[in-house]
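Have a look at the structure below before the remarks.
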Amino acid sequence: MDKPFSVLIVGGGTAGWMAANLMAKYWHGQGVEIALLESDQIGTIGVGEGSTPYLKSFFRTLEIPESEWMPACNATYKCGIRFPNWSTATGYESYYHPFFSPLDREVGMEFFRNANLRRSGLDVPANPTDFFHAPFLSASARAPVAAQPMPFEMDYGYHFDAGLLGAFLREKARSLGVRHIVDTVEHVERDGDRVVAVRAASAGHIEADFFVDCTGFRAMLIGGMPGYRFREFSDTLYNNAAVTVQVPRDDDAPLISETVSEAMSAGWMWRIPLQTRTGCGYVYSDRFISADQAGQELREKLGLADETRLNHVKMRVGRTEQHWHGNCLAVGLSQGFIEPLEATALMLVQFTIERFLERFEPGTMDSAICREQQGIQEAYNLHINELFDGVLDYVAAHYALNNRDDTPYWRAAREEIHISERLRAILAVWDGDSDFDAMLEREGAKLIYSGPSWYCLLAGMGRFPVRLKADPARRGDSIDAVRAFCESNLPRFRPHQQQLEALEQQ
Ligand SMILES: Cc1cc2nc3c(=O)[nH]c(=O)nc-3n(C[C@H](O)[C@H](O)[C@H](O)COP(=O)(O)OP(=O)(O)OC[C@H]3O[C@@H](n4cnc5c(N)ncnc54)[C@H](O)[C@@H]3O)c2cc1C
């Protein structure tokens with residue numbers, strides 16, 4: 001019998017365990033031996049507790065129902081993200097980036113129409129918070145889960161405890177046959193473009209046919225590949241650090257189903273509501289504020305005592321050029337990171353693994369097939385780079401669009417950041433009188449974020465002409481009907497707390 005194809009995943013953070021599960025599931029019965037090695041000396045990053053709706057398909061692929069993983073991970077539902085204080089435009093001091101659902105079809109059309117009318121200089125309301133179901137659901141502490149079956153599925157994401165999710169996925173991966181090794185890699189043995197083995201402190205030399213680098217910002221394996229290049233995003237995204245804290249949940253307060261990402265003096269602060277606690281963190285640029293000042297601002301904002309212990313994290317923001325290089329795939333923080341404003345990191349982890357699994361055939365590492373493999377690798381890397389760059393544009397747009405004037409940070413984030421040609425073109429079309437939908441269609445999937453998301457961001461930040469005229473057709477009046485429609489649908493959805501309790505009992 002042929003020797004099994006061996007894969008060694010180095011790193012047991014969320015990325016490592018997500019990779020282990022997906023690989024074990026996908027390659028089941030194909031003679032692939034998967035091991036995951038993680039250090040008990042080097043911790044995980046310990047943050048990363050909000051997702052996009054894409055995470056739903058991760059659990060679906062693994063056939064893990066919400067009733068199994070959500071109670072185990074202190075998880076809650078997420079209808080979208082609320083952004084207070086990013087804009088000072090009247091009526092746009094806070095806006096919402098919703099996850100969309102088929103229920104939004106008609107109200108969404110009203111929103112796009114109003115946004116375009118306002119772009120053209122007519123004074124009609126166009127804050128997305130007023131038009132979509134998600135903000136209404138989260139404001140009324142409801143889950144995006146219908147009490148009675150509906151003919152379509154709602155789009156939503158999750159919040160969860162990163163540590164508990166890691167532990168949950170570890171047990172799942174073990175049950176799928178992944179071998180778990182606790183050790184610390186001290187050296188990586190290479191032969192040209194190939195990783196041959198790692199040398200671990202206790203186990204010594206560990207060989208494998210393929211390696212997955214999930215070592216976080218250390219990028220221990222991919223970072224040492226010949227010709228390794230890392231594209232920094234620091235001239236576009238200034239934030240490079242975060243200070244975090246967990247606060248107990250106020251049991252008397254309703255459990256909202258949204259992330260709040262509030263602008264601060266030199267960055268922004270997230271609030272992620274879990275079942276028993278709220279995860280908070282201030283993401284900032286250390287060029288504009290020190291770690292101590294950021295900590296103090298966070299404490300004041302949350303009303304915490306001076307002695308409250310805070311956790312400080314440094315962020316390496318950018319991406320590698322080659323996520324898959326030779327027989328090594330980088331997944332997670334080791335491949336790159338875009339600051340967490342839109343909670344996209346785990347979505348990129350999932351894309352990276354899934355697109356890889358679609359292309360890679362275990363057992364094809366011999367030199368004849370390697371040449372063909374190289375073409376596949378190049379196309380793959382280009383694709384993953386496009387994903388990162390698309391997310392970068394969307395996140396960078398938040399800063400480019402801000403109109404705060406209160407601190408040097410916000411002025412610099414608007415006036416000095418480098419933005420891509422594509423983002424520049426998006427802003428120019430929005431600001432001018434060209435057809436914005438045609439632009440979105442032209443750019444298509446390359447934008448990564450959908451047209452409705454771009455509308456929500458541009459309109460939500462209040463990016464409209466300063467002088468507006470009344471609309472003689474009074475089309476803005478439809479806002480009352482839109483609100484009434486969204487509110488009338490609320491009883492169709494379960495209260496958030498009740499839905500979580502129901503999951504627990506299943
Ligand atoms: C401030 C902040 C907020 C974030 N918020 C979000 C969010 O809301 N949503 C989201 O999707 N993502 C978010 N992220 C990103 C998210 O945290 C990560 O993508 C996710 O946790 C995966 O991390 P990782 O597994 O790549 O790395 P890590 O968690 O750092 O894990 C690295 C692993 O490698 C192991 N390791 C390292 N060196 C060695 C060695 N020499 N030998 C053996 N093992 C080793 C460690 O033991 C550890 O197990 C955030 C990140 C930051 C910094």
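Sort Phe100, Phe136, Phe83 by accessible area with a 1.4 Å probe, largest first.
Accessible-area ranking of Phe100, Phe136, Phe83, largest first: Phe100, Phe136, Phe83.
For a Förster distance of 45 Å, can you work out the FRET efficiency between the beta-carbons of Gln246 and Lys469, rounded to the nearest 0.05?
Working: r = 49 Å, r/R0 = 1.09.
Working from the Cβ atoms, E equals 0.40.
What is the range 241-314's relative contact order, in percent, from Cα pairs under 8 angstrom and six or more apart in sequence?
The value is 39 percent.
Heads up, I need the accessible area for Ile426: 1.4 angstrom probe, whole protein in place, Å², nearest 10.
Approximately 0 Å² for this residue.
DSSP loop GluC sites (Glu not before Pro) in the range 381-457 with at most 15 other Cβ atoms within 10 Å of their Cβ, which ones?
Within the range 381-457, the qualifying GluC sites (Glu not before Pro) (loop, at most 15 other Cβ atoms within 10 Å) are Glu416.
Roughly how tilted is helix 367-401, in degrees to the nearest 10 and between 0 and 90, from the longest Cα axis of the chain?
Here the helix axis deviates by roughly 30 degrees.
Check cross-link reach from Lys314 to the aspartates and glutamates: straight Cα distance under 19 Å, and skip same-chain residues fewer than eight apart.
Glu49, Glu232, Asp235, Asp286, Asp292, Glu297, Glu339, Glu342
In debye, nearest 20, what is the charge dipole magnitude of the range 217-277 about its Cα centre with +1 on Lys and Arg Cβ and -1 on Asp and Glu Cβ, if you could check?
It comes to approximately 420 debye.
What are the residues whose amide H is under 5 Å from the amide H of Leu329, where those residues sit 5 or more places off or on another chain and H is modelled from the backbone?
Phe211, Val212, Asp213
Would you mind telling me the share, in percent, of accessible area of the chain contributed by carbon and sulfur at probe 1.4 angstrom?
Summing carbon and sulfur atoms, their accessible area is 50 percent of the total for the chain.
Residue by residue, what Karplus-based ³J(HN,Hα) values in Hz, rounded to whole numbers, does the range 152-157 have, using 6.51, -1.76 and 1.60 with θ = phi - 60° and x for Gly and Pro?
8, 9, 7, 8, 7, x
Going down the table (Lys301/Lys446; Lys78/Lys446; Lys172/Lys301; Lys78/Lys301), which pairs top 31 Å between alpha carbons?
Details: Lys301/Lys446 38 Å; Lys78/Lys446 25 Å; Lys172/Lys301 39 Å; Lys78/Lys301 23 Å.
Among Lys301/Lys446; Lys78/Lys446; Lys172/Lys301; Lys78/Lys301, the Cα-Cα distance tops 31 Å for Lys301/Lys446; Lys172/Lys301.
Cα-based Rg of the chain per 2.2 N^0.38 Å, rounded to two decimals?
Output field value: 1.00.
When only C-alpha pairs under 8 Å and at least 6 residues apart count, what is the relative contact order of the chain, in percent?
Computed over the chain, the figure is 24 percent.
Using the Kirkwood radius built from alpha carbon pairs, what does the Stokes-Einstein equation give as D for the range 241-314 at 25 °C and 0.890 mPa s, in µm² per second?
Result for D is 195 µm²/s.
Restrict the search to the range 123-225; then list the GluC sites (Glu not before Pro) that DSSP places in a loop and that have at most 16 other Cβ atoms within 10 Å of their Cβ. Let's see the in-between values first.
Values: sites: Glu153, Glu171, Glu186, Glu189, Glu207; in loops: Glu153.
For GluC sites (Glu not before Pro) across the range 123-225 that sit outside H, G, I, E and B with at most 16 neighbouring Cβ atoms in 10 Å, the list reads Glu153.
How many angstrom lie between the Cα centre of the range 388-404 and the Cα centre of the range 175-221?
Here the answer is 36 Å between Cα centres.
Taking H placed 1.01 Å from N in the peptide plane, check which residues at least 5 places from His180 or on another chain put their amide H under 5 Å from its amide H.
Placed amide hydrogens put Leu36 under 5 Å from His180.
Apply the Karplus parameterisation 6.51 cos²θ - 1.76 cosθ + 1.60, with θ equal to phi minus 60°, to every residue of the range 88-93 and state each ³J(HN,Hα) to the nearest whole Hz, in sequence, with x for glycine and proline.
Whole-Hz 3J(HN,Hα) from phi for the range 88-93: 10, 5, 4, x, 10, 5.
Within the range 448-506, list the trypsin sites (Lys or Arg not before Pro) lying in a DSSP loop whose Cβ has at most 15 other Cβ atoms in a 10 Å radius.
Values: sites: Arg463, Arg467, Lys469, Arg474, Arg475, Arg483, Arg492; in loops: Arg463, Arg467, Arg474.
For trypsin sites (Lys or Arg not before Pro) across the range 448-506 that sit outside H, G, I, E and B with at most 15 neighbouring Cβ atoms in 10 Å, the list reads Arg467, Arg474.
In the chain, with Lys and Arg counted as +1 and Asp and Glu as -1 at Cβ, which of these residues, Pro53, Ala481, Leu458, has the Cα nearest the positive end of the dipole, that is, farthest along it?
Toward the positive end, the furthest listed residue is Ala481.
Over the range 78-172, calculate the relative contact order: mean separation of alpha carbon pairs under 8 Å at least 6 apart, over the residue count, as a percent.
It comes to 34 percent, rounded to a whole number.
If you take all C-alpha pairs in the range 210-368, what percent of them are over 24 Å apart?
Summing the P(r) tail past 24 Å for the range 210-368 gives 46 percent.
Compute the distance from the alpha-carbon center of the range 308-354 to that of the range 120-135, in whole Å.
34 Å
In sequence order, what are the phi-derived ³J(HN,Hα) couplings for the range 487-495 according to the Karplus relation 6.51 cos²θ - 1.76 cosθ + 1.60 with θ = phi - 60°, rounded to whole Hz, with x for glycine and proline?
Result, rounded to whole Hz: 5, 5, 8, 4, x, 6, 10, 6, x.
If one computes the Cα centroid of the range 416-494 and of the range 40-66, what distance in Å separates the two points?
Distance between centres, Cα-based: 30 Å.
If amide H atoms are built 1.01 Å from N in the plane of the peptide, which residues on other chains or at least 5 residues away come under 5 Å of the amide H of Tyr77?
His159
Stretch His180-Ala445 to full length: gain in nm at 0.36 nm per residue minus the Cα-Cα span? Can you show the working numbers first?
Working: separation 265, 0.36 × 265 = 95.40 nm, distance 3.81 nm.
Computed gain between His180 and Ala445 is 91.6 nm.
Please compute the net charge surrounding Asp161, taking Lys and Arg as +1 and Asp and Glu as -1 over other residues with Cβ under 11 Å from its Cβ.
0
Only Lys, Arg, Asp and Glu count, each charged at its Cβ (+1, +1, -1, -1), so figure out the dipole size of the chain about its Cα centre, rounded to 20 debye.
Values: 49 positive and 68 negative charges, 76 e Å.
The dipole magnitude comes to about 360 debye.
I'd like to check one number: the per residue accessible area of the range 289-393, probe 1.4 Å, reported in Å² as a whole number.
40 Å²
The values are calculated or read from the model by the stated rules, or taken from the named source; none is laboratory data. Remember, predicted model here, so these are calculated numbers, not experimental data. Every residue, glycine as well, gets a Cβ built from its backbone with ideal geometry; the counts of neighbours run over all protein chains shown. The accessibility values were calculated without ligands, DNA or RNA, using every heavy atom of the protein model including side chains. Shrake-Rupley method; radii C 1.70, N 1.55, O 1.52, S 1.80 Å.
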